[in-house]
Structure formats: structure tokens, C-alpha cells
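Worksheet: one structure, shown below.
Taken together, the values in this text are just the output of simple stated rules run on the coordinates, not laboratory data. In this text the structure is predicted, and so the values were computed from the model without any measurement. Counting neighbours? That spans all protein chains shown, and the Cβs are built from the backbone with ideal geometry, glycine included.
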Amino acid sequence: KHVADKIAAGEVVDRPLSIVKELVENSIDAGATSITIEIRNGGKTYIRVTDNGSGIQKEDAELAFKRHATSKIKTDTDLDHIESLGFRGEALASISAVSKVELITKTAGDKSGIRLRLEGGEMIEKEDTGCPEGTTFIIEELFFNTPARLKFMKQDATESTLIIDFISKMTLAYPQIKFRLVNNGNILFSTNGKGDIYSNILTIYSREIGDKLIHLSEDHGQMALEAFISAPSNSRTNRKSQIFFVNGRYISSKLMENAVTDAYQEKLFEGRYPVSFLFLRVSPESLDVNIHPNKREVRFDDEKAVREFIAASIRKSLKTKDA
Ligand code: ADP
Ligand code: MG
């Protein structure tokens, strides 16, 4: 049984980033408006995620680590939620199978909270505790009991970069949530949770942006675009500052890259890429999100229409801003 658990865990948990993803998505599902993520050594030795969400009922806390015991059943097909269905009640079971976990949680209705500790999936401590409403997960010594996987992890800096990048994008997808990210004891950034995407872009990407961005907002009913783009002169030599969301989900998209290039045509030197944060909304039926398991790629029904809509919207705003 244990071997099977560890193997199954490998499919869900392959590196610190996957743990951070699962925990943060759980926090969002729990209605948190404030989430703190702390990592040490790229998350390999320590990951903490603290939220102010619903908390877990005392009698459910242990159950949360049982495979499939708790799978959230969602009736809506909202895209933002499909993502959180990712592992259907397996994440905590898988994480706890290959690490040392501490859970501290309290619901609004309870006077005290509960604290659990597990090692390699085995419960080793369980006690009532005083704590604020919400949930804290601490994951230590990832893969301590699976040496082969332990060796597979990359250098601290590589693992932490992936996590920082992920949380950065979450702040843009969820600007109404306060995110705080702490790396090896240093606060990297904290967002204010006021719903202001541009303020988060400035907070997190200020170094990459370098300059003020033009804000555009176009709504054609079927499609809507909100974007923060740079003047042609403020372009970059790589695409790192081209960040795309569709219906609230961070994606990578050749089509959207091309649409940006279309719009800036003739204003750009070869091999330059304008800073562009695009937030596209399309009707969910016109979008296929299941073409790749990581859901980072999407396919639009009418690719031409999407590309032209984006390019035209950007072109228009570059013209009016006389950039
Ligand atoms: P899933 O999210 O697919 O249900 P998980 O293994 O990720 O499966 O989580 C198991 C359960 O633990 C969740 O369904 C939820 O009830 C509870 N849970 C996990 N994290 C939190 C959290 N931060 N706040 C409240 N409940 C949580
Ligand atoms: Mg989950």
C-alpha cells in the first residue's frame, strides 16, 4: 500500500512547485482573501502556505489526507474552477506520502483549532490548539523517504524561480486576493488585494517593465480584452514580459504572441518584443482547454477572429496614445 501511495504521489508531486500550486489552489477554493507563501531552499526543505479561508472542521482534518475522500464536487463548469479540480482529492494524500506535513486549521464556528503532524503519510501527532481562523500547511523535507526523487530536484534557485513565477502570475489572475511571498526569510513581494491588476504588475514586474504601460480595454461582447502594453520603444529582446491570460487562466499562446507582433508591425525592430500583459475573455464554448494535461495551452474555435481582435485592439490604443 505504501509503495503504491508513493508512486501515485510521484504523479501529482514532482517538485516543490506542484505542492505550492496545490496548496494555493486549495486556499483559493476555501475562499481565502489573504494567502502567504513562504519557501526555503527552493521549497525543498520548507514550504508554508497560510490562508484566512474557511478552515477545515476538526473531524474532517484527518480525512483531508485520505485519497479521494474529499474530492470537491463542483457543478459549475466555470474555467477557473476546472483547474482546481485538477487532482480530485489526491493532492494532500500525495503530498503527505512524500514529506513531513503540519496542518493547523480552524473554522469560524469552532472555539479552538486543530494541529496535525504527518510523516510519510502516517499521523504522528494530533492536538487541539489555539489559532486564527483559516489554514496553515507546512511541508518539510520533501522526498525525504524517496531518495531517487530527492536527487531529481534541481538547484534551489531553479526551484524557487518556478515558484516565484507561478505566484507572480496568480497575483494577476486573482488581484482581489492579498498574496505575500517570502523566500529564505526575505519578503519578495506582497500585493494589496484591492483588485488592481496594474498595481500588481508594477509591484512584481517593475524591473522588467522599466516604463509605464498603456492600458486598454475593449469589449465586443463575444470577446473582451484588457491589456497593459508598452510603447514600441520599450520592447525587450525576449518574450519574458509577454504574459497572457484567457478567462482568468495563465496560458502560453503562439497565437497571442503573433497577435501582439501583428499590432506592432513596422514599429518594431526585428527580434524585439513589446511588454504585454493580455487578459482575454472569450465565451467558454469557443475555447478548448484540454489539449494538454498542464492546461497551459488552449485552442480557440476561431483563431483568426481572436488574433485580429487582439491585434486591432492594440493597434487602436497605440494610435490613440500616439505611441
Ligand atoms: P481537492 O482539492 O481536490 O478536494 P485536496 O487533497 O487538495 O483535494 O484537498 C482535500 C480537502 O482538504 C479539500 O477538499 C478541502 O476540503 C480540504 N482543504 C485543503 N486545503 C484547504 C484549505 N486551505 N482550506 C480549507 N480546506 C482545505
Ligand atoms: Mg486541491
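Table for the structure above
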| read-out | value |
| --- | --- |
| For Asn192, net neighbour charge (Lys/Arg +1, Asp/Glu -1) across residues whose Cβ lies under 12 Å away | +2 |
| Gain upon complete extension [Thr161, Phe144; 0.36 nm per residue less C-alpha separation] | 3.9 nm |
| Peptides ranked, highest mean first, by Cβ atoms within 10 Å: ranges 12-18, 280-286 | 12-18, 280-286 |
| Cα→Cβ-extended label distance, 7 Å offset, between Lys126 and Ala312, nm | 6.1 |
| Ascending count of other beta-carbon atoms within 10 Å, so fewest first, for Ile39, Ile229, Ile124 | Ile124, Ile229, Ile39 |
| Virtual spin-label span in nm between Glu133 and Asp288, 7 Å along Cα→Cβ | 4.4 |
| The range 210-320 - Rg (one decimal) and Dmax (whole number), Cα, Å | 13.4, 40 |
| Check: the chain dipole with +1 on Lys, Arg Cβ and -1 on Asp, Glu Cβ, in debye | 760 |
| Tyr198, Tyr174 arranged by Cβ crowding within 10 Å, fewest neighbours leading | Tyr198, Tyr174 |
| Max mean-square fluctuation residue, GNM over the chain, Cα-Cα springs under 10 Å, options Thr105, Thr191, Thr33 | Thr33 |
| Cut-off 20 Å (backbone N to label point 7 Å along Cα→Cβ of Lys212), residues of the range 259-282 | 274-278 |
| Among Lys169, Lys154, Lys44, residue whose mean-square fluctuation peaks in a GNM of the chain (springs only between Cα atoms under 10 Å) | Lys154 |
| Neighbour net charge for Ala32 - beta-carbon separation under 11 angstrom, K R +1, D E -1 | -3 |
| Where only alpha carbons of the chain are counted, the Rg and the Dmax (Å) | 21.2, 66 |
| The chain: relative contact order in percent, alpha carbon pairs under 8 Å with at least 6 residues between | 15 |
| Glu62-Leu268 FRET efficiency (beta carbon distance; Förster radius 41 Å; 0.05 resolution) | 0.10 |
| Normalised alpha carbon radius of gyration of the range 115-240 [divisor 2.2 N^0.38 Å] | 1.46 |
| Summed residue charge, Cβ within 10 Å of Ile138's Cβ, Lys/Arg positive, Asp/Glu negative | 0 |
